[in-house]
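This report concerns only the one structure given below.
The values are calculated or read from the model by the stated rules, or taken from the named source; none is laboratory data. Just so it is clear, the model here is predicted, and its values are computed rather than measured. For neighbour counting, all protein chains shown are included, and Cβ atoms are generated from backbone atoms with ideal geometry for every residue, glycine included.
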Amino acid sequence: MLLSNVLPLSLHIVLSSFLVQETLAQSMRFRLRHAHGLVTNSSRVVFSDIDSAVQFTGENALEISTKPMKIHRPRSQADFFAARIPGRLQNDLVWDETDVVGPDVRSQETLRLLANMTGNAYYEDRSKKGWYDLDPEWNTSYPFGWEPDADGFRGHIFANEDNSTVILSVKGTSAGWMVGGGGPTVRKDKVNDNLLFSCCCARVGPTWSTVCGCYEGNYKCDQNCLEDSLVEESLFYSVGVNLYNNVTYMYPNANIWLTGHSLGGSLSSLIGVTFGAPVVAFEAPGERLAASRLHLPSPPSLQHIIHVYHNADPIPQGKCTGVSSACALGGYALETGCHLGKTILYDTVSQLGWSVDARTHGIAVIVERLLSTEWEGGIPEPVEETDCVDCFAWEFGNFRNASLQGCNAGRVKPQPKLVMQVGGYQ
């Protein structure tokens, strides 16, 4: 006998919803399928395949708890990118609400395993010191994008047993004092860091070499110049968009997640907003201001973006600043602390007695200390970062003559003040 024939409609709806939730809430096993990297001096992403003969077993598979979630995706990607053009009305963009399977971020084991994936994005294979040995077969790969002179976007691609879910793990900044011990990507990593997370082109002081020419003096920064500086095709956001499109071509029916640490986490978030994909980012600098400068339309909900960090790390809080800070001494202007979506913030200062120190930023600290600790009361509740303001001391506006094009135009008399609005990301 049909359920609908014996139950009241309201109870039928409730039970049907429960059954759907139970179907979506499960665990999945993953293994490495591809390594991805950026060809030198190019925006082209290349892949190295992992041995497909590797079978899923309890010994060599990575199991992650999942849960159902609702995600808003643009009905048309063409309309999404058209809405990024200044002057276009983002309110006209149509969003579709979709039920997907996402990571269960209230499971510490799930967070730890995603952090392991994220940590491995810094290394080509398991022969490298620092690789988390999740599967003895994952060292079989071809070094496309990982050759010694490769200098860009890197990471790994994991897939579950039936290819229904794929996880993109995006490498963060390779710097000796952070993680990864330096390497060929250091220069481009730093350029992306200083463009995305500084207030104005990494203008920390008069002795700094800035990454764009938008500074107008007296804490004024030309907004048009900043936005133009972020649209270069070789910058990592654009490369990440191409990577995501490549993966959807390779896995057309898959549900795609993203994860990353530091710069990789912020890039994962920006890509997750663009395509409506679940994201778990670890110790990422605040990317909300970058999303505004990139003119990314804001969906009705950003609950699919989850940031995980602790309060002893000054970098995700936008507090690794000042000429004597560890960031500045390394040449990084990481000045933003406002994040998209929701944040799981661990109080390691009060509960564990950690000192505020940029050396707690590394992914090894997250895997081996933060997520290996049993937390009284469980994982902190994910919350939105309200009343968060970046770069409050700066004034952003159109300070240059509109008839002069590009960031290299000569200085002119400042125009009337036009303070930047963060739009949908306030």
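Quick look at the values:
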{"read-out": "Residue satisfying condition, being assigned to a loop (DSSP other than H, G, I, E, B), over 22 Å from residue 240 (Cβ atoms) and either of a type in the set (Ser, Thr, Tyr) or modelled with pLDDT under 70 (or both), within set 143, 148", "value": "148"}
{"read-out": "Of all residues in the stretch 372-401 being among the aromatic types (Phe, Trp, Tyr) and assigned to a loop (DSSP other than H, G, I, E, B), the one that is farthest from residue 315 (Cα to Cα)", "value": "399"}
{"read-out": "Selection within the stretch 253-262 - touching a strand residue (DSSP E or B) at 6+ places or on another chain (Cβ under 8 Å) and not aromatic (Phe, Trp, Tyr)", "value": "254, 255, 256, 258, 259, 260, 261, 262"}
{"read-out": "Test: residue in the stretch 353-366 that is touching a helix residue (DSSP H, G or I) at 6+ places or on another chain (Cβ under 8 Å), of a type in the set (Phe, Trp, Tyr) and part of a strand (DSSP E or B)", "value": "no"}
{"read-out": "Residue count, the stretch 187-204 (criterion: aliphatic (A, V, I, L, M), surrounded by 23 or more Cβ atoms within 10 Å (Cβ to Cβ) and assigned to a loop (DSSP other than H, G, I, E, B))", "value": "1"}
{"read-out": "In the stretch 308-337, residue surrounded by the fewest Cβ atoms within 10 Å (Cβ to Cβ) [restricted to those that are touching a strand residue (DSSP E or B) at 6+ places or on another chain (Cβ under 6 Å) and free of Cβ contacts under 8 Å to residues at least 60 places away in the same chain]", "value": "314"}
{"read-out": "Only one of 355, 372 that is of a type in the set (Gly, Ala, Ser) and in contact (Cβ under 8 Å) with a residue 60 or more places away in the chain", "value": "372"}
{"read-out": "Qualifying position, being buried (at least 24 other Cβ atoms within 10 Å of the Cβ) and not in a loop (DSSP other than H, G, I, E, B), among 340, 289", "value": "289"}
{"read-out": "Residue within the stretch 309-326 that is hydrophobic (A, V, I, L, M, F, W, C), in a strand (DSSP E or B) and over 16 Å from residue 261 (Cα atoms) present", "value": "yes"}
{"read-out": "Residue count, the stretch 68-84 (criterion: of a type outside the set (Phe, Trp, Tyr) and without any contact (Cβ under 8 Å) to a residue 24 or more places away in the chain)", "value": "5"}
